[in-house]
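Notes to accompany the following structure.
Please treat every number below as a calculation from the coordinates, not as lab data. Here the structure is a predicted model, which means the values were calculated and not measured. Please note: Cβ atoms are built from the backbone with ideal geometry, for glycine as well, and neighbour counts cover all protein chains shown.
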Amino acid sequence: MPPADDPVHVHGVQEEYFYLMVHPCVCGGAWQSDSQEVEEDAARVLHRVAATCFTCGARRTFPFQLDTHGGPKGPIRQVNPTAAPSRALDVVEWMGLAKFYLGRIEQLTESVRRAQSLLDARQCLEEALKFYGPQDDAPPASALWSDESRRRAADQADTFRRSTIETMLDRLPPLDRLRRADSLDQKAFERGVKERAKARVGRKWWQFWKLLRRT
């Protein structure tokens, strides 16, 4: 993880979200985004995210640097449309996220959340695989950025083999199919929220949407 004052290079907002998940508050609590600022010039795009810890109330601003101007051009949940490996999270952190999203699927009852969880899991596995060169079966040293990551990669060598990641990807639906399912389920979910909002007095539907959607 880069120093606190240095911007973290990301490919889009979704990668920022994953970064906040992987780097919680020092107390262990999760971050909740409060506000965002964008500073853009000819050289770079800076995105500052102010966040508060759910557990202890600590506040911190995370500076991110995006690769492109004008925001993401692809699907809203797209992590990294390029073949370049992440500069925000290492291979162990991406695999941890993939396992988190795969592990929660059976606990989810809403189809929109299941579709999103599968989509996120697949994208995280793909990000992990981008660190491997053509001849790499194990993650190269450049893919492990901390002592903790190096320890986990050594202790769980089978988990981080290229063949293991490829097998996990083979068991998931293709990315395009997951994106279509997410889009269709998202529209159905929004219709359901609107219907629920109509039954309440003094609330507008988008207030329910903000409460129920995944942040």
For this session: Could you calculate the contour length gain from residue 157 to residue 39, that is, 0.36 nm times the residue separation minus the distance between their Cα atoms, to one decimal place in nm?
Result: 38.3 nm
Problem set entry | Three semi-axes of the equivalent ellipsoid, the range 91-179, Cα gyration tensor, whole Å, largest first | 25, 14, 10
Seminar exercise, completed: Once residue 137 and residue 166 are pulled to full extension, the length gained, defined as 0.36 nm per residue separation minus their Cα-Cα distance, is 9.4 nm
Exercise. When the chain is fully extended, how far beyond the present Cα-Cα distance does residue 106 get from residue 61, taking 0.36 nm per residue of separation?
Worked result: 12.8 nm
For this session: Determine the sum of side-chain charges near residue 163: Lys and Arg each +1, Asp and Glu each -1, restricted to other residues whose C-beta is under 12 angstrom from that of residue 163.
Result: -3
For this session: Would you mind computing, in nm to one decimal, how far apart the modelled labels at residue 147 and residue 21 are, each placed 7 Å from Cα along Cα→Cβ?
Result: 2.8
Exercise. Which whole-angstrom value gives the distance between the alpha carbon centres of the range 123-152 and the range 24-52?
Worked result: 26
